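Remarks on the structure that follows.
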């Protein structure tokens, strides 16, 4: 009987050692899981931070100016529905420009929508010495716009939305004339259409001089 008791006691003493070993292994495993979770969380935060930084860079890349803001209403079955309409022009002053038109319940919402829409429809303007390569006359709806290149130092001779769009495009010397409609949105669309239809300047070809042809004169002996 004494031997049996001794064996039981020895087994009871051995069990806590095994349990303590298991608990130690679990304690060592748990920090690794928590560290992995922390790494995943940091990775997700980094990704979001990169996205926000890219958005800020895109916003800093383009200058934006509001061309027109109007309050519009739509008659519905339950009454009138009021919204704000914003027309915004964006450009990097290096040859890229666009306009956007959008509506929203608030002015800021409408402006942000218009900016996002304009970024999807950017126009690259061909330029020579900060002016357009050739004269163009463009018609859009009831608006007619005439753009002419100007000499260096002449400046932008334009008004209203035409001047704003040309400045955002980076064109410093140009002469323009608005005919027909005086609606800002129609004129802005007409200017963008004219800039899109400008042709790129042809490459300067070197003129090859033709070889001189020697003319021989025959003198007859008398």
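With the requirement that a residue be free of Cβ contacts under 8 Å to residues at least 40 places away in the same chain and part of a strand (DSSP E or B), what does the range 94-130 give you? Within the range 94-130, 100, 102, 103, 104, 124 meet the criteria.
Look at residue 85 and say whether it is modelled with pLDDT of 90 or more, over 23 Å from residue 183 (Cβ atoms), assigned by TED's automatic domain parsing to the domain that holds residue 186 and surrounded by 13 or more Cβ atoms within 10 Å (Cβ to Cβ). Considered against the rule, which asks whether it is modelled with pLDDT of 90 or more, over 23 Å from residue 183 (Cβ atoms), assigned by TED's automatic domain parsing to the domain that holds residue 186 and surrounded by 13 or more Cβ atoms within 10 Å (Cβ to Cβ), residue 85 comes out as no.
For the range 64-82, the tally of residues that are surrounded by 13 or more Cβ atoms within 10 Å (Cβ to Cβ) and out of contact with any strand residue (DSSP E or B) (no Cβ under 6 Å at 6 or more places or on another chain) stands at 0. If you go through the range 131-160 and keep only what is in contact with a helix residue (DSSP H, G or I) (Cβ under 7 Å, 6 or more places away or on another chain), buried (at least 17 other Cβ atoms within 10 Å of the Cβ) and not in a strand (DSSP E or B), you end up with just 158.
The values are calculated or read from the model by the stated rules, or taken from the named source; none is laboratory data. As the structure is a computational prediction, the values presented were derived from the model and not from experiment. Methodologically, a virtual Cβ is constructed for each residue, glycine included, from the backbone with ideal geometry; neighbour enumeration extends over all protein chains shown.
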